[in-house]
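Read the structure below first, then the notes.
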Amino acid sequence: MSEAEFVVVANRLPVDRVAGPDGEDFWRRSPGGLVTALEPVMHQVDGAWVGWPGRPDLHVDPFDFDGTRLVPVQLSAEEVELYYEGFSNDTIWPLYHDVIAVPRYRRVWWDAYVKVNRRFAEAAAAATAPGGTVWVQDYQLQLVPQMLRELRDDLTIGYFHHIPFPAYGIYAQLPWRKQVLRGMLGADVIGFQRVADAGNFARSIRRLFHYETKGGRIVVPEEDGSTRFAVAKAYPISIDAESYVELARKPEVQARAREIREGLGNPRKILLGVDRLDYTKGIRHRLKAYGELLEDQRLSVEDTTLVQVASPSRERVESYVNLRDEIELTVGRINGDFDTMDHTAIRYLHQGYPREEMVALYLAADVMLVTALRDGMNLVAKEYVACRTDNRGVLVLSEFAGAADELGSALRVNPHDIDALKDTIVRATEMPGAEQGRRMRALRKKVLENDVERWSQSFLAALDEARSLRAAVGS
Ligand code: G6P
C-alpha cells in the first residue's frame, strides 16, 4: 500500500455507503464541514483518510475517492456496540457534556475502546510516509495519538477535540481518566473549540500529573528522562461559509424558501430548530418555552410556526431512544392542544435533508433557535448566519454552545431559564428590521472571516511549528 504524507484519522470515513436505485451500493461523499475543510489540504499534499465505513462487519480494501486515498477500518457488530455506542456515546459523550445524561462506566466498553483505538493507530502508522503528519479527530479516538507515537516516533501528530472538555470535577469521574489524558498528550498539538475547554484540559493535566502547563504549552516528561512540548489551545471550527452563500443566492433555492413558507400557510414568523436528535441540544427546553408561549397567548398558531428538524442519531443508544419518545410525546401534545384545521404549532421532521433544502429552510426562517445545553461548537448557528445574505433573521443562541464565544451579536440565552428563553423568543419575533440588519451584519462578518479553511490552516500551521521545534531539539 502506498504511504501518504498527510493522514486524517477519524471515526468515520468521509463517504457514506448508500443504496443505488438499481440495488447496487455506491459511495457518496458525506456532507460534513470537516470533509470540505480538508479537501484542499488532501489534494495539495498526497493525503489519506483512515476511518470506519459506517456499517458493522463491512470489509473494504483501501480505495481512491475524489483524489484521496481512503483506508477503511473494519469494526465487528460487537465492537460497534461496545466501542461506538457504548464507550464513545454512552460514557464519554454524556460525561463531556456535563453529565446532562448519566454516563455509564463499563469495563468491557473500555476494553473495546482500547482495542479499537489501537486498530486505528496501527492503520494510521501503516498509511503514513516517513516524517509525515497525522491529524486525529475527536473523542472516539482519544488514545490514538499516544499509541501512534509509540509506533512511529518520526511523525508529527495533531488531535482535534470537536466536543467540550469538561471541568475537572466532572472529568474526575472517569475511571480511566489518566489513560485518556495520556492518550491525548501523545499529540504535538491538541486543539479544542473554546478557550475554556483548553483550560479545563490543562487543569486536569496539572491535577492528575503535576506537569507544568503555561500559556497553552505543556511540558511532557518522556520515559527516557527527556521532555517534549505539547500545545493545547483553542481553534474554533467553522463552516465553508462561501458555499452556503452561493447556495443562498441561487434563484431556485430562494424560490424553494418561498414555497416552504407558503406550504406552512404563510405565517408571520417562522421559528426554526435544526439538530441531531440529541439530549445535548436543548430541544425539550425549546419546546417547553414555545408551548408555554402558546398557552400564555403571547404567540398564536395563526401567526407563528415552529419547524423542528431533528435528524436521527445513535438510535440504538438507550438515552437517545428515551429522548425521542419524550420529544415526540411533547410535540404531539402541543400540536393536539393548539393546532387548528389550517395551522400547525410545530412541524416536526425526524429526517435529514440535503444541504440545498436546508439552505432554503434557513432562508424561510425568521428566527433560528439554538438552545443547546452544552455543545462543542454548533455549526447550524454558523450555517444560518452564512445563508442570510439579505441581512435579515434573528439568531437565538445558547451561551453553552461553543459558537457563543464568537457570535456575540446573537440574542444570547440560558436555555435552563425558561422565562428568559420565552422572553428572548418573543423579542426575536418582534425585532425591528434595522436591529436585525445591524446584528446580522456583525454575525456574518465573523462567520465569513473565520471560515473552516482558516480553521484548518491555523491548526496545520501550529503543527508545522511543532515539527520545526522537534527538528531543532533533535527528537
Ligand atoms: C458530533 C461529533 C462527531 C460525530 C457527529 C455525528 O458532531 O463531534 O464526531 O461524527 O456528532 O455523530 P455520529 O455518532 O453519527 O458519528
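If you scan the stretch 150-173, which residues turn out to be within 13 Å of ASP138 (Cβ to Cβ) and surrounded by 19 or more Cβ atoms within 10 Å (Cβ to Cβ)?
GLY158, TYR159, PHE160, HIS161, ILE163, PRO164, PHE165
Is it the case that some residue within the stretch 46-59 is surrounded by fewer than 15 Cβ atoms within 10 Å (Cβ to Cβ), among the basic types (Lys, Arg) and closer than 30 Å to ALA372 by Cα?
For the stretch 46-59, residues surrounded by fewer than 15 Cβ atoms within 10 Å (Cβ to Cβ), among the basic types (Lys, Arg) and closer than 30 Å to ALA372 by Cα: present.
Output the residues belonging to the stretch 10-29 that are of a type in the set (D, E, K, R) and away from the ligand (no atom under 11 Å from the Cβ).
Result: ARG17, ASP22, GLU24, ASP25, ARG28, ARG29.
Consider the stretch 9-28. How many of its residues are surrounded by 14 or more Cβ atoms within 10 Å (Cβ to Cβ) and in a strand (DSSP E or B)?
So the answer is 8.
For the stretch 174-184, does any single residue satisfy the condition of being buried (at least 23 other Cβ atoms within 10 Å of the Cβ) and out of contact with any Ser or Thr (no Cβ under 6 Å at 6 or more places or on another chain)?
Yes; the residues of the stretch 174-184 include at least one that is buried (at least 23 other Cβ atoms within 10 Å of the Cβ) and out of contact with any Ser or Thr (no Cβ under 6 Å at 6 or more places or on another chain).
Could you pull out the residue among ARG316, ARG284, ARG298, ARG392 that is touching an Asp or Glu at 6+ places or on another chain (Cβ under 9 Å), within 15 Å of the ligand (Cβ to nearest atom) and either part of a helix (DSSP H, G or I) or not polar (S, T, N, Q) (or both)? So that I can check it myself, show each step before the final result.
Details: ARG284 fails: within 15 Å of the ligand (Cβ to nearest atom); ARG298 fails: within 15 Å of the ligand (Cβ to nearest atom); ARG392 fails: within 15 Å of the ligand (Cβ to nearest atom).
From the options ARG316, ARG284, ARG298, ARG392, the qualifying one is ARG316.
Under 30 Å from PHE160 (Cα atoms) and of a type in the set (Gly, Ala, Ser): does that describe GLY265?
No; evaluated as a whole, the condition is false for this residue.
Working carefully through the options ALA112, ALA125, find the one that is assigned to a helix (DSSP H, G or I), within 30 Å of VAL45 (Cβ to Cβ), of a type outside the set (Phe, Trp, Tyr) and modelled with pLDDT of 95 or more.
Values: ALA112 fails: within 30 Å of VAL45 (Cβ to Cβ).
So the residue among ALA112, ALA125 that is assigned to a helix (DSSP H, G or I), within 30 Å of VAL45 (Cβ to Cβ), of a type outside the set (Phe, Trp, Tyr) and modelled with pLDDT of 95 or more is ALA125.
Check ALA386, ALA420 and return the single one that is touching a strand residue (DSSP E or B) at 6+ places or on another chain (Cβ under 8 Å) and either loosely packed, with under 14 Cβ neighbours inside 10 Å or modelled with pLDDT of 95 or more (or both).
Selected residue: ALA420, the only one of ALA386, ALA420 that is touching a strand residue (DSSP E or B) at 6+ places or on another chain (Cβ under 8 Å) and either loosely packed, with under 14 Cβ neighbours inside 10 Å or modelled with pLDDT of 95 or more (or both).
Residues of the stretch 301-313 being out of contact with any helix residue (DSSP H, G or I) (no Cβ under 8 Å at 6 or more places or on another chain) and either within 16 Å of the ligand (Cβ to nearest atom) or part of a loop (DSSP other than H, G, I, E, B) (or both), which ones?
GLU302, ASP303, SER311, PRO312
The values are calculated or read from the model by the stated rules, or taken from the named source; none is laboratory data. Predicted model only: the values in this text are computed from it and were never measured. Counting neighbours? That spans all protein chains shown, and the Cβs are built from the backbone with ideal geometry, glycine included.
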